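The values are calculated or read from the model by the stated rules, or taken from the named source; none is laboratory data. Source: prediction; values computed, not measured. Cβ sites come from the backbone with ideal geometry, for glycine too, and all protein chains shown count toward neighbours.
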Amino acid sequence: MHRILVPLDGSPFAEHALAPAADIARRTGARLELATVYTSQMPAWRTSGAPVHDPRIDQERLAALRHYLEHAAGQVSHELDVPASAVLLEGKAPDALARHIAERRPALVVMTTHGRVGLRRAWLGSVAEELMQRADAPVLVLRSSEEGGEPQRSFAPRRILVPLDGSERAERVIETAAWLAARDGARFLLLRIKSRATVTPYPTIFPAGAAPDAAEVSSAAEEALQLVKQRLSSRGFEVAAEVVTEREAERAILASTERGAVDLIAMVTRGFDAGRMRLGTVAEKVVRSTRTPVLLRRA
């Protein structure tokens, strides 16, 4: 059975990921795993001027976190009707979560981008940014309803935007996006982004001074785009494709979401090698600039 990991930091905003994750689990037959991380803190007790670690403080905090996780898992199982388990990790939050993801290989990680209130150590906002780059699993990033809006209750995207740069690695997120898509009426928009910079996107094949003809590169990218389109169409998805030329990839992606309703942006990190378009940075800028959920997968 597939597992969907939901990291929590004890804040209400982090818990906004639970209902959408449960909806995905119900549709896909997956189970949820709720995780939080405890980082031991040196207490203020001192002996002869030197700090002394009191293990009772760790024990009390660990017990409180276990109770919180078990209560959250019970609520999910009872109220959202999805099997849920809990796991308490220890260490630095991004390191502990990254290790756990590498060991357990969940099908998906679902998390919000902010965790500013709640328990004393709300860390999820910064951890989300690190996991976007480090997680060995697809990460679905949701914006929490910090402005008082209604939290998202379900997640079955029908309009999915997939930015592509002509490389195979930029296509790796599509399989997960198709797994998440609504069963009926889902539509993919493939956005082929061409850099304005006259730099070959294949530096290891065409070294400096030996760049291929621009028309040849464009033709190869168009062929790759059509192959992706055909694969999705054969699975019953409606597919449209658009080619744009833009120096800043994030501007092209955000402009596309503004032109039409988009339920999900699906993209890889560490792609877009043409010129300055590095998708690790692009992905971060997109996540920070849009309220649209973003699905990320390491290339």
Answer residue from the range 218-252, given it is within 26 Å of the chain's Cα centre (by Cα), among the charged types (D, E, K, R) and in a helix (DSSP H, G or I) and is surrounded by the most Cβ atoms within 10 Å (Cβ to Cβ) among those: E250
Given the conditions (1) at pLDDT below 90; (2) of a type outside the set (K, R); (3) not in a loop (DSSP other than H, G, I, E, B), every one holds for S256 apart from (1)
Pick from the range 284-299, criterion at pLDDT below 85 and either crowded, with 22+ Cβ neighbours inside 10 Å or in contact with a strand residue (DSSP E or B) (Cβ under 7 Å, 6 or more places away or on another chain) (or both), ranking: nearest to T113 (Cα to Cα): R298
In the range 64-90, how many residues are closer than 13 Å to S40 by Cα and loosely packed, with under 15 Cβ neighbours inside 10 Å? 1
Answer yes if at least one residue in the range 72-94 is assigned to a loop (DSSP other than H, G, I, E, B), modelled with pLDDT under 95 and either of a type in the set (K, R) or in the same structural domain as V173 (by TED's automatic domain parsing) (or both), and no otherwise. yes
For A25, state whether it is aliphatic (A, V, I, L, M), within 24 Å of L142 (Cα to Cα), touching a strand residue (DSSP E or B) at 6+ places or on another chain (Cβ under 9 Å) and modelled with pLDDT of 90 or more. yes
Would it be correct to say that A14 is modelled with pLDDT of 95 or more and either surrounded by 14 or more Cβ atoms within 10 Å (Cβ to Cβ) or closer than 29 Å to P138 by Cα (or both)? no
What residue, among those in the range 161-193 that are modelled with pLDDT under 80 and more than 15 Å from the chain's Cα centre (by Cα), is surrounded by the most Cβ atoms within 10 Å (Cβ to Cβ)? D165
Residues in the range 99-109 that are surrounded by fewer than 20 Cβ atoms within 10 Å (Cβ to Cβ) and either touching a helix residue (DSSP H, G or I) at 6+ places or on another chain (Cβ under 8 Å) or in a strand (DSSP E or B) (or both) total 1
Filter result for the condition that a residue is modelled with pLDDT of 90 or more and surrounded by fewer than 24 Cβ atoms within 10 Å (Cβ to Cβ), over R116, R121, R153, R158: R158
Give me the pairs: first residue in the range 28-56 and aliphatic (A, V, I, L, M), second residue at pLDDT below 60 and part of a helix (DSSP H, G or I), beta-carbon distance under 8 Å, and six or more apart or on different chains, which are they? none
Does the range 77-104 hold any residues that are closer than 16 Å to Y38 by Cα and of a type in the set (D, E, K, R), and which are they? E90, K92, D95, R99
